[in-house]
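For reference, the structure discussed in these notes is given below.
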Amino acid sequence: MILTTRVLFLFFFLLSATSATEAGRAKAWQQHAYDDFAEGESEGISIAADGALELAPALVELASLEAERVWSMTPNPKGGLYVGTGDSGRLFAVDDEGQAELLFDSPELVLHALIVGPDGRLYAGSAPDGLIYEINDEGQAKTLLQTGSRYVWDFILVDGQLYAATGEPGRVLKIAKDGSHEVFFAPEDRHVITLLAHNDRLYAGTSGKGRIYEIDGEGRGRLLFESEQEEIHNLVVGVNGEIFASAIPKPSKGENSNKVPAAVYRVGAEGAVYPIWEDTEAKLVNLVATGEDLLISTSNPAQLLRLSAEGRRALVVQFESLVPSRLLFGPDGALLLGGAQNAAVSILPEQGRRKGHFESAVEDFAIHARWGALEWRGTQPSDTRITVQTRTGNSEEPDNTWSAWSEPLTESGQTIASPPARFIQYRVEMESTRDEATPRLSSIEIRGVQVNLKPRITELQTFPFRPQQSGNGGQSQGAPQAGQGRRNNRPPQAKSLRLVRWHAQDPNEDELVYDLYLKGEDQRAWKLVEENIAQTSVLWDTASMPEGQTQLKLVASDRMDNPAAERLRDERESAPFAIDNSPPTVALDAQTSADGAVVEVAISDRISAVQKAYYTIDYDEQQHPIAPLDGVFDSRSEQARFAVEGLAAGEHVIVVRAIDALDNIGVRQVVIQIK
């Protein structure tokens, strides 16, 4: 039955055709950008904006206060700083050496705001009674003002004039030295949280609707921006005069609710506002400006980030036990941080730590893998050191089933000693024995080779190819589009065409090639008809094939990407199908009457079942269906009878067409005379 079958397959990219892919077994995991390293966890390691790892500044606790948390800080013109705390409303003076003195123990719960006036007097704003205290150098305090609000959130001085931001109700108060005051600005928001003076304007950030207002010298306010977050927490001015705002969302109601991110917004000179940083996990966000950059502290995770005006990020330090509530630059330029979960004031000098480590996120190689070399790029000044360790396992999260950390690799290019597994993680240790010297790791690459797994054929189909007729636009429907067929961009239209298509996948993402075999009726051995097929569908012209029952076998192989000893394959057989390019045979016997005829029809087909039949009279376009005597066209041999009436006298031609299951058409006519 098999002829020169290699010439019988016509190849076209059809339907599910795919292109070859790169070999999937060899895999390299590279990390070199900030976002790559930011997925890991660090202790004493910074991540620069360009993605390099280096030793982080050393956080030093300056003072531990007898209170629960730090709510406010402001510099003391005579040295040190003032610290307002909660939940007992205490005010402390902390000197440059970290010695703390209780200056004022207020009857309030919280001191949210502190500022030193031009005369050196300290002002403190409280909650829940919304009081403003005036404290002299000796710590003697008096109530300067009962604001009528429950909260005093912030102070600002503009040309010696004191303004206060309050909550419930939210207002901006203009306060005289004797405590007399006026409501300078009263938005509809529940709280005015933060104030900023810039270019003869006052700016206010609110809570409730998360708004930013611009207020002129007469107290007239203009809404600049309403955020999706609940609260504008900080307003600062950058070195180029642009305003930046930190925004905190309302706590989400559940895991399935849409999370609004915490954000830092940039307010352009013409009033356009857009986010330069967002994080759906951050809870508490504080913002200060430093030169051309911003510093933001977050909780969950507790960390300090450096942010450019365009939003480029760098991790300065990831905190181990500190969650900052306030940020303040001291007179010497060192950053001071107040604790939200303990009343500690810490200082972050520019000098780096002597030791730190970074643990990467877990990488999934998808399949059990053998490990190759681990390479990194970076610099190691004298008296510094970088080492890298790895561990592996077969669970998504490291647990006691994982291997222990490997022996440290001290040079780039060494082979990974961790056992083969699906998941891998690395750990970078950095050390320095010299001040102001830090090693720097800019990129790391781990190579592995997946264990080869067998490809899998999930589908093999073959059926007659019948392109639809042209649609409304004239484009042939169901046929390959331009560029997918032969030179005329259209496949052949013969009824002898069969479409063979399949779907296969390789767990390693290896490039697959396919071999097709054929076996005819009464044959035992498969015959190779085409090999090294790259696409996943072909057209087969069966015009020169012997008719009868036939089967196809498809073999998928990953031999293009694997050495001979490791190649794997899968195979799948089609269901038996018929090759039938011959029309049914039609026999007719007509018995005439006065105005018509009764026609006996016998239809037979050697291969396929008869599908339908119809007749026409005198070559008219109207087709009349013919019903079989047994009621159903379902076999290779069928009998039918139909009557034609109302014919005029003279000669008439009755044409019968029979169609088999493969759309082969048999035609026979009979000529009758009506007298």
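The values are calculated or read from the model by the stated rules, or taken from the named source; none is laboratory data. All values derive from a computational prediction rather than experimental measurement. No Cβ is skipped: glycine too gets one built from the backbone with ideal geometry, and neighbour counts run over all protein chains shown. The protein model used for the area step is the full one, side chains on, heavy atoms only, and it has no ligands, DNA or RNA in it. Shrake-Rupley method; radii C 1.70, N 1.55, O 1.52, S 1.80 Å.
With θ set to phi - 60°, apply the Karplus curve 6.51 cos²θ - 1.76 cosθ + 1.60 along segment 66-80 and write out the HN-Hα couplings as whole Hz, x wherever there is a Gly or Pro.
Coupling constants for segment 66-80: 7, 7, 8, 6, 9, 10, 8, 8, 8, x, 9, x, 8, x, x Hz.
Equivalent-ellipsoid semi-axes (√(5λ), Cα gyration tensor) for segment 421-468, whole Å, largest first?
Values: eigenvalues 621, 51, 9 Å².
Sorted largest first and rounded, they come to 56, 16, 7 Å.
Would you mind checking K253/K283; K259/K283; K27/K454; K519/K612; K142/K174; K209/K283 for any pair whose Cα atoms are more than 22 angstrom apart?
K519/K612
Using a simple spin-label model with points 7 Å from Cα along the Cα→Cβ vector, what separation in nm is obtained for D35 and A361?
1.0 nm
In whole Hz and in residue order, list the ³J(HN,Hα) couplings for segment 193-206 that follow from phi through the Karplus curve 6.51 cos²θ - 1.76 cosθ + 1.60, θ = phi - 60°; x for Gly and Pro.
8, 9, 10, 8, 9, 7, 6, 6, 10, 10, 10, 10, x, 10
Given H placed on each backbone N at 1.01 Å, which residues far from T290 in sequence or on other chains put an amide H within less than 5 Å of it?
Close amide H contacts, sequence-distant or interchain: L295.
Which value at 222 nm does the chain reach when only helices count, each DSSP H run of 4 or more adding -39,500 (n - 2.57), with the total divided by all residues and rounded to the nearest 500 deg cm²/dmol?
Working: 1 runs with 5 residues, N = 675.
Taking each H run of at least 4 residues, the total per residue is 0 deg cm²/dmol.
Among F244, G89, Y426, which residue has its Cα furthest toward the positive end of the charge dipole of the chain, with +1 on Lys/Arg Cβ and -1 on Asp/Glu Cβ?
The residue sitting most towards the positive pole is Y426.
Amide H of D96 versus every other amide H placed in the peptide plane: which residues, excluding those fewer than 5 positions away on the same chain, fall under 5 Å?
Here G80 satisfy the definition.
Excluding residues fewer than 8 places away in the same chain, name every one of the aspartates and glutamates whose C-alpha is closer than 19 Å to that of K553.
Reachable aspartates and glutamates: E459, D506, D515, E521, D522, E530, E531, D541, D570, E571, E573.
Taking the Cα centroid of segment 219-282 and of segment 141-179, what is the distance between the two, rounded to the nearest whole Å?
When both Cα centres are located, 24 Å separates them.
Please list W376, W153 from largest to smallest accessible area, probe radius 1.4 Å, with all protein chains kept in place. The partial results should precede the final answer.
Values: W376 25, W153 50 Å².
The ranking, largest first, comes out as W153, W376.
Could you provide, to the nearest whole Å², the per residue accessible area of the chain with probe 1.4 Å? Intermediate results must be reported in sequence, preceding the final value.
Values: 32570 Å² over 675 residues.
The answer is 48 Å² per residue.
Given a Förster distance of 22 angstrom, what is the FRET efficiency for E242 paired with R222, based on the Cβ-Cβ distance and rounded to 0.05?
Working: r = 18 Å, r/R0 = 0.80.
The computed FRET efficiency comes out at 0.80.
Order K675, K259, K78, most accessible first, counting only protein heavy atoms with a 1.4 angstrom probe.
K675, K78, K259
Can you put F104, F92 in order of accessible area, largest first, using a 1.4 Å probe?
Working: F104 35, F92 10 Å².
Descending order: F104, F92.
Based on the Cβ-Cβ distance from R572 to E521, what FRET efficiency comes out when R0 is 22 Å, to the nearest 0.05? Could you put the intermediate results ahead of the total?
On the way: r = 20 Å, r/R0 = 0.91.
Efficiency for this residue pair is about 0.65.
Expressed in nm to one decimal, what extension gain is obtained for the pair T616 and K454 from 0.36 nm per residue of sequence separation less their Cα-Cα distance? Write out the running numbers ahead of the final one.
On the way: separation 162, 0.36 × 162 = 58.32 nm, distance 5.76 nm.
My answer for the length gained is 52.6 nm.
How far apart, in nanometres, would the label points at A373 and A587 be if each is projected 7 angstrom from Cα along the Cα-to-Cβ direction?
Roughly 8.2 nm, to one decimal.
Tell me, what ³J(HN,Hα) does each residue in segment 47-54 have, in order and in whole Hz, if you take phi through Karplus 6.51 cos²θ - 1.76 cosθ + 1.60 with θ = phi - 60° and put x for Gly and Pro?
Coupling constants for segment 47-54: 10, 6, 4, 7, x, 7, 8, 7 Hz.
With just the Cα atoms of segment 268-375, tell me how far they stretch along each of the three principal axes, in Å, largest first.
54, 40, 26
How much of Y615 can a 1.4 Å solvent probe reach, expressed as accessible area in Å² and rounded to 10?
Answer for Y615: close to 30 Å² accessible.
Candidates (i) 297; (ii) 274; (iii) 171; which is the computed volume of the Cα convex hull per residue in Å³?
Recomputing volume of the Cα convex hull per residue in Å³ here picks out (ii).
Taking all protein chains in place and a 1.4 Å probe, what share, in percent, of the accessible surface of the chain do carbon and sulfur account for?
Working: 14370 of 32570 Å².
Of the solvent-accessible surface of the chain, carbon and sulfur hold 44 percent.
What accessible surface, in Å², does a 1.4 Å probe find on W29, ignoring ligands, DNA and RNA and rounding to the nearest 10?
20 Å²
Skipping prolines and chain starts, which residues have an amide H placed within reach, meaning under 5 Å, of the one on E68, given they are 5 or more residues away or on another chain?
HN-HN under 5 Å from E68: G86, D87, S88.
Subtracting the Cα-Cα distance from 0.36 nm times the residue separation, let me have the gained length for E188 to D119 in nm, one decimal.
On the way: separation 69, 0.36 × 69 = 24.84 nm, distance 3.37 nm.
Once the chain is fully extended between E188 and D119, it gains 21.5 nm.
To the nearest 10 square angstrom, how much accessible area does T379 have with a 1.4 angstrom probe?
Surface accessible to solvent at T379 totals approximately 80 Å².
What distance in nm separates the simple spin-label points at K253 and E281, each placed 7 Å from Cα in the Cβ direction?
2.5 nm
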